[in-house]
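All of the numbers you see were taken from the coordinates with simple rules; none came from a lab. Quick caveat: nothing in here was measured; it's all calculated off a predicted structure. Every residue, glycine as well, gets a Cβ built from its backbone with ideal geometry; the counts of neighbours run over all protein chains shown.
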Amino acid sequence: MIERPDTMSPSFSPERLEQLAQLEGWHSWFIGRRELIRRLLHDRLGGEGRLVLDVGCGTGLMVSLVGREPHRAVGLDLRREGLVAASRRATGSDFVQAEATRLPLADATFSLVMLLDVLEHVDDQAALMEVNRVLCPGGLLLVSVPAMQWLWSYRDEAAGHLRRYSKFQLASLLSQAQLPPTRMVYYHFLLFPMLALTRLFGRRSPRARDFEERRLPVVTTLMTWMNLLEVRLGSRVSYPWGSSLVAICQKN
């Protein structure tokens, strides 16, 4: 898993944020996950205009993709640097500087809230309580988190992660927040053996992380193809593991 350029964590320097913004454009992990999110949301959002909130919006890529007509997206993040970059990328969208656990937004406002690689950085129970508050009745939450605590490595520490999640832990947390998952899937299954090796060898050093982020054209193309294939097959296959968990939830 590549950490998302979400700046809810103070561990993200402006330089690292810029690095991650560039990775979003070409790295196979980001490309595959965007396609997974698109497929999960396609039928659920429908053609009617919806108000969408991206908590921990980072550099604004998902705001720019989801906030297209007929939908309107609002990006929220703690770091000003991220919001400045996001406002350039997603022109016409609104942005708010705030914490994920204290949303300065009205109750029952949004039809969809996205928490993409955010919960592992914050008090997850407090963040989900706030999400529940700002969601409309029947509103949707799209959440992604790093999976499997035994994959913990230097990458998690450098990104300011507090935890990784099991499927049971995430499902229980969401249900307690009255946001029960209607679908939960693993992501990064086909490339999982290679990723597990880099995590085991990258427990204490940034070398494995830096190697993963090198742009090697043939390797990058192959890995992107594998991630996209995994996503396409995911409508018919339930993967037993992966480095990330992605869930769609609905407010009770």
| field | Extension reserve of the residue 197-residue 91 stretch, reckoned as 0.36 nm per residue once the Cα distance is removed | value | 34.1 nm
| query | So what's the net charge close to residue 70: Lys and Arg +1, Asp and Glu -1, counting the other residues with Cβ under 10 Å from its Cβ? | reply | +1
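With a cut-off of 8 Å between alpha carbons and a minimum separation of six or more residues, what is the relative contact order of the range 14-250 in percent?
In percent, rounded to a whole number, it is 21.
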| field | Helix-only [θ]222 nm of the chain, DSSP H runs n ≥ 4, -39500 (n - 2.57) each, per residue, nearest 500 | value | -12500 deg cm²/dmol
| task | Work out how much length residue 228 to residue 129 would gain on full extension: take 0.36 nm times their residue separation and subtract the Cα-Cα distance, in nm to one decimal. | result | 32.3 nm
| message | Only counting other Cβ atoms within 10 Å, I'd like 204, 163, 50 sorted with the fewest neighbours first. | response | 204, 163, 50
| query | What net charge do the residues around residue 249 carry, taking every other residue with its C-beta under 15 Å from that of residue 249, with Lys and Arg at +1 and Asp and Glu at -1? | reply | +3
| field | Cα-projected label distance for residue 80 with residue 239, points at 7 Å along beta-carbon direction, nm | value | 3.9 nm
| task | Please arrange 199, 183, 72 by counting, for each residue, the other beta carbons lying within 10 Å of its beta carbon, fewest first. | result | 183, 72, 199
| R0 = 30 Å: FRET efficiency of residue 107 with residue 175, Cβ-based, nearest 0.05? | 0.90
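Using the count of nearby Cβ atoms within 10 Å as a rough guide to exposure, how do 74, 66, 84, 55 rank from fewest to most?
Ascending number of Cβ neighbours within 10 Å: 84, 74, 66, 55.
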| field | DSSP bridge pairs, the chain: antiparallel proportion in percent, nearest 5 | value | 40 percent
